[in-house]
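Read the structure below first, then the notes.
The values are calculated or read from the model by the stated rules, or taken from the named source; none is laboratory data. Since the structure is predicted, the reported quantities are computational estimates derived from the model, not experimental observations. Glycine also receives a Cβ, built like all others from the backbone with ideal geometry; neighbour counts cover every protein chain displayed. Ligands, DNA and RNA are stripped out before the accessible areas are found, and what is left, the full protein with its side chains, is counted by its heavy atoms. Shrake-Rupley method; radii C 1.70, N 1.55, O 1.52, S 1.80 Å.
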Amino acid sequence: MNTVFGVFGDPIAHSKSPDMHNAAFRKLGMECTYHAFRVSPENLKDALLGAKAMGFGGVNLTVPLKQEALKIVDADPLAEGIGAVNTVDFKDGMVGYNTDGLGAKRSLEEKGVKIKGSNVLIVGAGGASRAIAFQFAKDGADITIANRTEEKAIELAAGVSAVGSARGCGLENMKQLIADSDILINCTTLGMHPKTEGTIATANDMHSELTVFDIVYNPLETTLLKEAKKAGAKAVTGEMMLVYQGAEAFKIWTGVEPPIEVMKKAILEGF
Ligand code: ATR
């Protein structure tokens with residue numbers, strides 16, 4: 001029988017997750033399909049219970065459901081710390097995970113970038129920043145979170161300090177912060193379509209030993225990444241975080257490592 005998977009969110013029409021997962025299922029010859037479902041926070045509990053009752057293989061959650069899910073599912077400690085769930089598995093009750101940070105980790109590791117022991121500067125203090133900060137701190141990186149609203153960075157860093165080394169600050173000393181870093185990650189919306197000229201830093205602020213990862217993937221080559229290349233730094237594009245967060249969810253549900261290249265191709269065809 002066909003096993004159904006899905007992503008719940010609102011809005012959800014433009015989600016690339018169905019294309020990505022269905023391409024992987026097809027490639028592996030698995031009798032599974034993945035669909036997008038519009039679900040509001042008020043209906044999340046019913047939707048999850050319904051999905052479990054109907055034998056769904058698992059679901060992803062996206063905006064605006066990731067925080068709400070913590071009240072409903074048994075979240076693993078990492079998702080609990082992050083304060084958000086993006087993957088629910090139904091094998092043993094309803095267990096919630098957050099694979100966003102792992103997605104970022106694998107995006108960097110596939111480029112040969114080491115996270116353990118690295119000085120990582122994360123700019124921004126929203127949901128993506130939380131996921132990456134908790135994951136990377138747990139993996140032994142030294143984390144600095146810099147945000148336009150400094151208090152949010154300090155608050156997030158205080159939470160992250162429970163699992164590793166972290167501090168928060170404002171954006172004033174960006175050049176010095178980057179000089180002290182091995183990895184710079186943009187978790188703000190700066191540079192995203194349509195205001196593509198925005199950037200958290202320019203080539204003058206960077207050094208050639210730096211790795212620059214932009215989680216913005218629309219456009220794929222952001223102004224920040226162009227500046228990174230000018231500085232001779234390593235530039236890592238954001239679409240791989242989307243691919244790898246999906247791949248990690250796929251593994252949680254099926255126990256199978258999905259074909260990464262097939263998933264990446266499916267995502268890029270949607271651009
Ligand atoms: P997500 O959940 O995708 O991470 P978010 O929660 O909307 O997104 O967070 C957006 C981040 O981008 C925030 O850290 C925001 O900074 P503030 O906390 O000060 O609002 C940051 N951001 C957005 N526009 C920015 C700008 N023009 N300059 C600097 N930071 C900006």
In the range 1-30, how many are modelled with pLDDT of 95 or more and touching a Leu at 6+ places or on another chain (Cβ under 9 Å)?
-> 6
Among the residues of the range 206-218 satisfying the criterion of being within 20 Å of Ser129 (Cα to Cα) and open to solvent by 40 Å² or more (accessible area, probe 1.4 Å), which is farthest from the chain's Cα centre (by Cα)?
-> Asn218
Could we say that Leu121 is surrounded by 23 or more Cβ atoms within 10 Å (Cβ to Cβ), touching a strand residue (DSSP E or B) at 6+ places or on another chain (Cβ under 9 Å) and in a helix (DSSP H, G or I) here?
-> no
Matching entry among Ala157, Ala146 (being within 12 Å of the ligand (Cβ to nearest atom) and crowded, with 19+ Cβ neighbours inside 10 Å) = Ala146
Report yes if Asp100 is away from the ligand (no atom under 16 Å from the Cβ) and either among the acidic types (Asp, Glu) or in contact with a Leu (Cβ under 7 Å, 6 or more places away or on another chain) (or both), otherwise no.
-> no
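Residues are listed down the side, and each one gets a yes or a no for (1) of a type in the set (Val, Ile, Thr); (2) closer than 23 Å to Asn86 by Cα; (3) in contact with a Leu (Cβ under 6 Å, 6 or more places away or on another chain):
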residue	(1), (2), (3)
Lys114	no, no, no
Ala125	no, yes, yes
Gly164	no, yes, no
Ala179	no, no, no
Tell me, please, whether a residue that is in contact with a strand residue (DSSP E or B) (Cβ under 8 Å, 6 or more places away or on another chain), in the same structural domain as Phe136 (by the TED database) and not in a helix (DSSP H, G or I) can be found in the range 11-25.
-> no
Are there any pairs with C-beta distances below 8 angstrom linking a residue in the range 174-188 that is touching a residue at least 60 places away in the same chain (Cβ under 8 Å) and assigned by the TED database to the domain that holds Lys229 to a residue that is surrounded by fewer than 22 Cβ atoms within 10 Å (Cβ to Cβ) and among the acidic types (Asp, Glu), with the two at least 6 apart or on different chains, and if so which?
-> Asp182/Glu209
In the range 175-192, anything surrounded by fewer than 18 Cβ atoms within 10 Å (Cβ to Cβ) and within 14 Å of the ligand (Cβ to nearest atom) is listed as Thr189
Counted residues in the range 116-142 being over 15 Å from Met241 (Cα atoms) and either hydroxyl-bearing (Ser, Thr, Tyr) or away from the ligand (no atom under 15 Å from the Cβ) (or both) come to 11
If you take the residues of the range 161-173 that are within 15 Å of the ligand (Cβ to nearest atom) and in contact (Cβ under 8 Å) with a residue 40 or more places away in the chain, which of them is surrounded by the fewest Cβ atoms within 10 Å (Cβ to Cβ)?
-> Leu171
Out of the residues in the range 30-69 that are part of a helix (DSSP H, G or I) and touching a helix residue (DSSP H, G or I) at 6+ places or on another chain (Cβ under 7 Å), state the one that is most open to solvent (accessible area, probe 1.4 Å).
-> Glu68
